[in-house]
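Here, each number is a calculation from the coordinates, and none is a lab measurement. Just so we're clear, the structure is a prediction, and the values are computed from it rather than from any experiment. As a convention, Cβ positions derive from the backbone with ideal geometry for all residues, glycine included, and neighbour counts pool all protein chains shown.
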Amino acid sequence: MKIAPSLLSCDFSIMGQEVERMDRAGADWMHLDVMDGHFVPNLTFGAPVIKAVRRYSNKPFDVHLMISEPLRYIDDFAKAGADIITFHVESDSDIDATIERIRTMGAKPGLVIKPNTPAWVVFPYLEKIDLVLVMTVEPGFGGQSFMENMLPKVRQIREECRRRDIDLLIEADGGIGEATIAACAEAGVDVCVAGTAVFKASNAGEAIAQLKALCGDAE
């Protein structure tokens, strides 16, 4: 299990130091949520901020675009240092063109599905992407409660990948902590985004280690 702390839960006034802190704590990836105030009812940060904090860690930057027209901004985020760029199947951009642009820019493409979107929507694209992100909360705000009824979608995607001999990662994001991460691991999640559970812990390193230990118990 990879743990990707969500910078949405960090102290934005010292964001670079927070990235550095998560790196020292043993984070596998850094998860950066980009919101445009249109696709979701919240605003966060854009490519210039990601570029500014990129130098604080060599860990993969996992950039989740919660924006209406991701294709317009792929170049900006790739140049800012994104290693993985995920975008929503529910967005307005052409999915194939956006995937192709991400690859052209040297990043790994992934698709994201909201809670009301069925798993099968991503099936036509599984050979073309490296990652599927299943939202376990409604996207837009941190600190929400985990929706366990999203885990069957993880199992459906995993089973379809096995059936077609496709090797990709499944990520889950929203409300993941000590009480919920074992269920994610059991369902077949490879990467868990953790916000509050890591950033608000008294010791981030111990929190990440405990989350990984709980996944080991589930397996």
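Find the eigenvalues of the gyration tensor of the Cα atoms of the chain, then list the square roots of 5 times those eigenvalues as equivalent ellipsoid semi-axes, largest first, in whole angstrom.
After diagonalising the Cα gyration tensor, the semi-axes are 23, 22, 15 Å.
How big is the gap, in Å, between the Cα center of the range 1-61 and the Cα center of the range 73-117?
17
Mean 1/r over all different Cα pairs, inverted: what Kirkwood radius does the range 121-219 give, in Å?
Here the Kirkwood hydrodynamic radius works out to 14.0 Å.
Leaving out same-chain residues fewer than 8 places away, which aspartates and glutamates sit with a Cα under 14 Å from that of residue 212?
Partners within reach: 28, 178, 186, 190.
Given all pairs of different Cα atoms, what value in angstroms does the Kirkwood hydrodynamic radius of the range 48-170 take?
15.0
Place a point 7 Å from Cα of residue 104 in the direction of its Cβ. Which residues in the range 66-83 have their backbone N less than 13 Å from it?
71-76
Cα atoms only: what Rg and Dmax, in Å, come out for the range 21-64?
11.7, 35
Label-point separation (nm) for residue 123 and residue 42, each offset 7 Å from Cα along Cα-to-Cβ?
My value for the distance between the label points is 3.2 nm.
Cα-Cα over 25 Å: which of 79/128; 108/153; 153/200; 2/108?
On the way: 79/128 21 Å; 108/153 22 Å; 153/200 29 Å; 2/108 16 Å.
In this structure, 153/200 lie more than 25 Å apart at Cα.
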